[in-house]
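Working notes, beginning with the structure itself.
Derivation of every value follows stated rules applied to the coordinates shown; laboratory data play no part. Please read all numbers here as calculations on a predicted model, not as lab measurements. With ideal geometry, Cβ positions are generated from the backbone for all residues, glycine too; neighbour counts draw on all protein chains shown.
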Amino acid sequence: MRIRTAALSLALAAVSLTGLVSAQTAPAAQHPWSNTSLSPDQRADIVLHEMTQAEKIQMVHGIGWGPLREGAFVPPDNNGGAGEVLGIPRLGIPSIQQADSAVGARMAALQSRYATLLPSVLGAASSWDSKAAFLYGDVIGRELRAQGFNQSIGGGVDLARDPRNGRLFEYPGEDPLLAGTTVGHLIVGVQSNHIMGDIKHYAMNDQETGRTIVDVKISKKAMQESDLLAFNLGIRIGHPASVMCSYNKVNTDWACENDYLLNHVLKGEWRFPGFVVSDWEATHTTVKAANAGLDMQQPGDEYFGRPLLDAVQAGTVPQARLDDMVHRILRSLFATGAIDHPSTPRFVVDPFRGRDDSRQIASESIVLLRNQQNTLPLNSATLHSIAVIGAHADVGVMSGGGSAQVDAPGGNAVAPLASTAWGHAVYFPSAPLKYIREQAPNADVKFAAGTDVAEAAALAKASDVAIVFADQYESEGADTLDLTLPNQQDALIAAVAKANPRTIVVLITGNPVTMPWVDQTSAIVEAWYPGIAGGQAIADILFGKVNPSAKLPITFPSAIADLPHPQIFGIDPSRGAGGLPEHWSKEQRQTSFPADLNEGARFGYKWFESENKQPLYPFGYGLSYTAYEYGSLQVDAAKKSATFTIRNTGSRPGVEIAELYVQLPAASGEHFNRLGGFERVPLAAGEEKTVTIPIEPLTAATFDEAKDAFTWQHGDYTVSVGGSSATLPLTTKVALY
Ligand code: BGC
């Protein structure tokens, strides 16, 4: 009783301090649902029972474009995020304040706030580290909480079917197990802060070209064994509050009114108890969408406002369906603690803690692709001169755009580029040049912008070593047409490498790129978009403060011709520039076109392996400053696990990511490996460890459409273990099922 009184007076103090009777500060003890020993479902039902029909309708749609569009209505309690659902103060239900937060909280600067820019999600996936993924989500959840949000609408897990997808930097790569595991732990991190987490964009939203009209054609079997598997695992691990359905169609129906995806798979097979929120303007109907399983329209109420009320009255949407929508939203608020531990926008984000966490993740995400004659790590004691070239490395590092854009502190580090616009790269003030200088205090470190190729080559020639930076801007809404570095950077790299054989290339890219100069260079580092501490993290790798451990979560092809679909769906090459989306007519923009994904689940490394194509760099590949040896593989068929040894044969401590692949029995007709498990193994110099990796059963299963279920085949599975999808020194055949 005394505790309750204290809580009440604390809450009242908060009310009088802010001068607002906000639902978020309402004392929990006042409400019938306050009993925390009840389940989230029971508590949701108590609230639901007290709600009027109007309040129920209010809970299943947003308030409009709000701060996203100038002139749009902004409710007084709006927190400045991409979405809001109004709360019900009389019942103690807070407004849902949703923030885009794919790689950090978006739109912070508009509210005079700061948010940490994390490395790209593709980078985090390169760590193959559940702890790093948790930390990633924890930073997002912690900062959203400090800013007064109670829902993250990040959590992208769409698979990298095409390396040209403009949002790959928001997604965790091409493999369902790695992607689902990464995003699952990221969501756990978000929700550990009592912030509702989300997973998106459900489903098959694997290209940006025509994303709101493309009709993806794919079999249920292929979906279940690829993109849906990533969602399935991510949801199983992360228990997100919501699933965001995507813009595209899947087998004729829009994803947000797709009975198979929403009712049948998500809520049926996977028993997802949370709510489905539409992507922004991805709702197309009232009755069909409601009955197919959509629970919340965003950002407005065109379909789930008055028309839904009318539909329920008319009986075309059952009352029970409306109650189910509301129940799902309420139970997510309770299950994540968003109601019991309300966020209040009264704290300041700690930029130093954010930077340290971002740096930690970046140090595990930077992939060493090439290292001839141990060029790296650089030895600052023997270097007299270093040329640093290109990509604005004198001022900062590039970040990804679109709704994932985080605001750079102090604005765009590269003037005069716009600071927060779509379509303009924003650089964050973590200058690689500064940190290279810091780590090589006795060397003469000079910078050339790279715009004058001859000048850059001359500087490279006059230096002991040349470090050339190249970057590639990516943003929501468009794909890259090819995998070539933009702005003639290939020519710059080639000229620098010709001038100095000790040339190190540092790539700051959203996607894989081709490297026509690969053989001329000494070393190549893929840093992705490395986040607010990117400059430091890159310097740490270059000078060996950090021994690289990351491995590619995506195949780097040598040419577009090697992809399952050399042409991006929707782009008509015969029309030249006119075929590009930016030149589409209004009619073309509104007319659906098919994307026939006849490669099924066979893309990325599975495609390259079964087609006998050589990638530039394979999935799961990445070098270290030490070397590892694998030995004595044993598979326990009963336990479905593999045990083997790894030894660090070099003279430095390191972390090896051990990868386990399974190939289905011959009768399956499949001719490729599937990633079945992985583990990061820290090893001191000379140390050997015995490692056991469990095989995720769903990665060894096939989806039987007739049975509408996963099944496991009898016969010998090939189980292989090693440090890259293309280098698997241990292999054995065993009847797993
Ligand atoms: C994006 C979503 C985003 C939403 C709100 C959409 O355009 O596809 O990922 O969460 O906008 O900003």
> Relative to the Cα centre, what is the charge dipole magnitude of the chain, using +1 at the beta carbon of each Lys and Arg, -1 at the beta carbon of each Asp and Glu, and rounding to the nearest 20 debye?
Replying inline: 1280
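Please return the longest stretch of the chain lacking exposed loop sites, where trypsin sites (Lys or Arg not before Pro) count only if DSSP places them in a loop and at most 16 other Cβ atoms lie within 10 Å.
In the chain, the maximal stretch lacking such sites is 70-270.
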> When the Cα centres of the range 134-151 and the range 609-643 are compared, how far apart do they sit, in Å?
Replying inline: 35
> For Y717, which sequence-distant residues (separation of 5 or more, or a different chain) have an amide H within less than 5 Å of its own amide H, given hydrogens modelled in the peptide plane?
Replying inline: V734, A735, L736
>> On the Cα set of the chain, report Rg and Dmax in Å, please.
In response: 25.9, 81
> For S219 and R575 in one chain, what is 0.36 nm times their gap in residues minus the Cα-Cα distance, to one decimal in nm?
Replying inline: 125.1 nm
> To the nearest 10 degrees, how steep is helix 2-18 against the longest Cα principal axis of the chain, on a 0 to 90 scale?
Replying inline: 80
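Can you show me the helix-derived [θ] at 222 nm for the chain, built from DSSP H runs with n ≥ 4 at -39,500 (n - 2.57) apiece and divided by the number of residues, rounded to the nearest 500.
My calculation for the chain gives -7500 deg cm²/dmol from helical runs alone.
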> What angle do you read, to the nearest 10 degrees and between 0 and 90, between the alpha-carbon axis of helix 130-146 and the longest principal axis of the chain?
Replying inline: 50
> Between the helical axis of 489-499 and the dominant principal axis of the chain, each derived from Cα atoms, what acute angle in degrees is found, rounded to the nearest 10?
Replying inline: 30
> Reachable aspartates and glutamates from K461, Cα under 19 Å, same-chain residues fewer than 8 places away excluded?
Replying inline: D444, D452, D490, D519
> From the phi of every residue in the range 436-449, what ³J(HN,Hα) in whole Hz does the Karplus formula 6.51 cos²θ - 1.76 cosθ + 1.60 yield, where θ is phi - 60° and glycine or proline is x?
Replying inline: 5, 4, 4, 8, 10, x, 9, 9, 8, 9, 10, 10, 10, 5
>> As a footprinting exposure proxy, order S37, S365 by other Cβ within 10 Å, with the fewest listed first.
In response: S37, S365
> Which listed residue (F272, I366, P377) has the Cα farthest towards the positive end of the charge dipole for the range 219-377, taking +1 on Lys and Arg C-beta and -1 on Asp and Glu C-beta about the Cα centre?
Replying inline: P377
> From the backbone phi of the range 612-627, what are the Karplus-calculated ³J(HN,Hα) couplings (6.51 cos²θ - 1.76 cosθ + 1.60, θ = phi - 60°) in whole Hz, Gly and Pro given as x?
Replying inline: 6, 9, 8, x, 5, 9, x, 4, x, 8, x, 8, 9, 7, 10, 9
>> Are there any chymotrypsin sites (Phe, Trp or Tyr not before Pro) in the range 51-135 that are in a DSSP loop and have at most 13 other Cβ atoms within 10 Å? List them by number.
In response: F73
> What dipole magnitude, in Debye to the nearest 20, does the range 199-284 give about its Cα centre under +1 on Lys/Arg Cβ and -1 on Asp/Glu Cβ?
Replying inline: 280
>> Percent of Cα-Cα pairs more than 23 Å apart in the range 56-191, please.
In response: 40
> Under a 5 Å amide H to amide H cut-off, with H placed in plane at 1.01 Å, what residues pair with M196 once short-range neighbours are removed?
Replying inline: Q151, S152
>> Can you tally the net charge around G274? Count Lys and Arg as +1, Asp and Glu as -1, for every other residue whose Cβ sits under 14 Å from the Cβ of G274.
In response: +2
> Dimensions of the range 254-394 along principal axes (Cα, Å, largest first)?
Replying inline: 81, 38, 30
>> Give me Rg/Rg_expected for the range 477-536, where Rg uses Cα atoms only and Rg_expected = 2.2 N^0.38 Å with N residues.
In response: 1.20
> Which is farthest toward the positive dipole end of the range 370-523 among Y427, A466, T514, measuring Cα position about the Cα centre, with Cβ charges +1 (Lys, Arg) and -1 (Asp, Glu)?
Replying inline: A466
> Could you put F447, F672 in order, starting from the residue whose Cβ has the fewest other Cβ atoms within 10 Å?
Replying inline: F672, F447
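Taking the inverse of the average 1/r across all pairs of different Cα atoms in the range 424-468, what Kirkwood radius in Å do you get?
After inverting the pairwise mean of 1/r, the radius is 11.9 Å.
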> Over the chain, what is the percentage of antiparallel beta bridges among all DSSP beta bridges, to the nearest 5?
Replying inline: 55
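Just in the range 588-628: which GluC sites (Glu not before Pro) are loop by DSSP and have at most 16 other Cβ atoms within 10 Å?
Numbers: sites: E599, E609, E611; in loops: E599, E611.
Answer by residue number: E611.
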> Name the chymotrypsin sites (Phe, Trp or Tyr not before Pro) in the range 220-314 that are in a loop by DSSP and that have at most 15 other C-beta atoms within 10 Å, would you?
Replying inline: W270
> Which residues' amide hydrogens lie under 5 Å from the amide hydrogen of V276, considering only partners 5 or more residues apart or on another chain, with H built in the peptide plane?
Replying inline: V243, D295, M296
